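*Asks:* Quick one: this structure, given as structure tokens, is what I'll be asking you about.
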Amino acid sequence: MYKLHFVNGRSLIIDLHLNGKTVLVIGAGNEALKRIKLLESEECKIIVIGEKPNPEIIKLSKQKKIKLEKTKFTSTQTLKKLKPFLVIASTSDYSLNQKIIDAAKKMKILAYASDSPDSSDISYLSIINHKDIIKVGISTSGSSPIMAKKIKTKTEKFLQKNISKTDLELIKIQKFARSESRKFISSQIERKKFLYAIMNDKRVKELLKDGKYMRIRTVIKKMVKDWK
């Protein structure tokens with residue numbers, strides 16, 4: 001989950017799908033390691049270029065989790081060659097990071113540098129991952145990372161207290177129902193009606209109460225085939 005920045009100064013919080021895409025990290029120090037750690041769960045191809053890599057980055061390379069090019073970054077032509085979806089400039093040289101961002105933008109590549117948030121296309125949010133089902137992103141628009149962290153802690157406690165197991169199971173059920181509805185219902189409006197019908201169906205509610213989740217899937221399959 002990221003904040004996408006527009007040229008008019010406005011921004012939009014989005015879930016940026018990096019699955020299968022190439023992300024280029026330029027720099028191999030502590031800052032680069034921090035960004036790599038955040039990318040690990042995204043199932044993307046991570047290429048790291050850095051002359052003196054952090055030992056943890058070397059370890060990740062040996063584990064085949066990233067591709068490491070142990071060399072100094074010398075030319076922005078590398079971007080044209082690798083054609084990444086996203087480039088992260090994390091060197092200790094501010095002017096080089098800015099040069100990388102400028103080059104990436106000319107090539108229509110998303111770019112980020114932690115020391116140049118105003119020039120970056122995206123910014124990182126403080127993320128809460130609740131049970132690997134619900135994600136909440138918190139941002140102070142760069143005004144106070146400390147407060148973002150504090151608010152994250154408060155929100156985590158709220159979610160733990162107020163989001164029930166039933167809520168989480170309903171999310172899984174709705175995901176399954178959406179997938180099934182696409183097979184049989186062509187109209188988006190009708191698919192939406194169907195999903196609401198699932199939420200309000202007495203049989204589904206009773207089965208959910210009894211924890212019979214596989215039986216719910218059987219009910220959904222029958223309902224979607226009978227939907228008119």
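No lab work stands behind these numbers, since they all come straight from the coordinates. Everything quoted here is computed from the prediction, not taken from an experiment. All Cβ positions, even for glycine, are placed from backbone atoms using ideal geometry, and neighbour counts span all protein chains on display.
*Asks:* Where does each of 124-137, 96-109 land if you order them by average Cβ count within 10 Å, highest first?
*Replies:* The packing order, highest mean first, is 96-109, 124-137.
*Asks:* Please tell me the relative contact order of the chain in percent, rounded to the nearest whole number, where contacts are Cα pairs under 8 Å and at least six residues apart.
*Replies:* 14
*Asks:* Please sort 78-88, 30-40 by packing, taking for each peptide the average over its residues of neighbouring beta carbons within 10 angstrom, highest first.
*Replies:* 78-88, 30-40
*Asks:* Can I ask one more? Each residue of region 84-101 in turn: what ³J(HN,Hα) in whole Hz from Karplus with 6.51, -1.76, 1.60 and θ = phi - 60°, glycine and Pro shown as x?
*Replies:* Residue by residue, region 84-101 yields x, 6, 9, 10, 10, 8, 10, 7, 8, 9, 4, 5, 5, 4, 5, 4, 5, 4 Hz.
*Asks:* Relative to the first principal axis of the alpha-carbon coordinates of the chain, what is the inclination of helix 145-162, with its axis defined by its Cα atoms, in degrees from 0 to 90 and to the nearest 10?
*Replies:* 20
*Asks:* Can you flag which of 52/81; 205/225; 172/192; 161/225; 62/175; 202/228 are past 27 Å Cα-Cα?
*Replies:* Long pairs (Cα-Cα over 27 Å): 161/225; 62/175.
*Asks:* Another question, then. What is the list of residues in region 147-173 whose amide nitrogen lies under 19 Å from a point 7 angstrom out from the Cα of residue 203, following Cα to Cβ?
*Replies:* Within reach of a label on residue 203: 170, 173.
*Asks:* Next question, about the same structure. Starting from the Cα-Cα distance between residue 189 and residue 169, subtract it from 0.36 nm times their residue separation and give me the gain in nm to one decimal.
*Replies:* Additional length available on full extension: 4.8 nm.
*Asks:* Something else now. Any chance you could run the full-extension gain for residue 182 through residue 227? It's 0.36 nm times the residue separation minus the Cα-Cα distance, nm to one decimal.
*Replies:* 15.0 nm
*Asks:* Based on the alpha-carbon gyration tensor of the chain and its eigenvalue square roots a ≥ b ≥ c, which shape applies: rounded if a/c is under 1.5, prolate if not and a/b is larger than b/c, or oblate?
*Replies:* Judged from the Cα gyration tensor, the chain comes out prolate (a/c at least 1.5, a/b above b/c).
*Asks:* Counting DSSP beta bridges with both partners in the chain, what percentage is antiparallel, nearest 5?
*Replies:* 45
*Asks:* Could I have the simple spin-label model distance between residue 71 and residue 56, label points 7 Å from Cα toward Cβ, reported in nm to one decimal?
*Replies:* About 2.7 nm, to one decimal.
*Asks:* Residue separation times 0.36 nm, minus the C-alpha to C-alpha distance between residue 215 and residue 41: what's the value?
*Replies:* Full extension from residue 215 to residue 41 adds 59.5 nm.
*Asks:* Amide H neighbours of residue 110 under 5 Å, at least 5 residues apart or on other chains, H built in the peptide plane: list them.
*Replies:* Placed amide hydrogens put 87 under 5 Å from residue 110.
*Asks:* Work out the FRET efficiency for residue 131 and residue 63 from their Cβ-Cβ distance, taking R0 = 25 Å, and round it to the nearest 0.05.
*Replies:* Once rounded, the FRET efficiency stands at 0.40.
*Asks:* Per the helix-only calculation at 222 nm, which mean residue ellipticity applies to the chain, given -39500 (n - 2.57) for every DSSP H run of n ≥ 4 and division by its residues, nearest 500 deg cm²/dmol?
*Replies:* -15000 deg cm²/dmol
*Asks:* Ok, one more. Let me know the shape class of region 33-138, please: from the alpha-carbon gyration tensor, a ≥ b ≥ c as square roots of the eigenvalues, rounded when a/c is under 1.5, otherwise prolate if a/b is greater than b/c, or oblate.
*Replies:* It is oblate, given that a/c is not under 1.5 and a/b is not larger than b/c.
*Asks:* Let me ask you something else. ³J(HN,Hα) across region 218-225 via Karplus (A = 6.51, B = -1.76, C = 1.60, θ = phi - 60°), whole Hz, x for Gly/Pro?
*Replies:* Per-residue couplings from phi come out as 5, 4, 4, 4, 6, 4, 5, 6 Hz.
*Asks:* Among 51, 69, 180, determine the one that fluctuates most according to a GNM of the chain built with springs between C-alpha atoms less than 10 Å apart.
*Replies:* Of the options given, 180 has the highest mean-square fluctuation.
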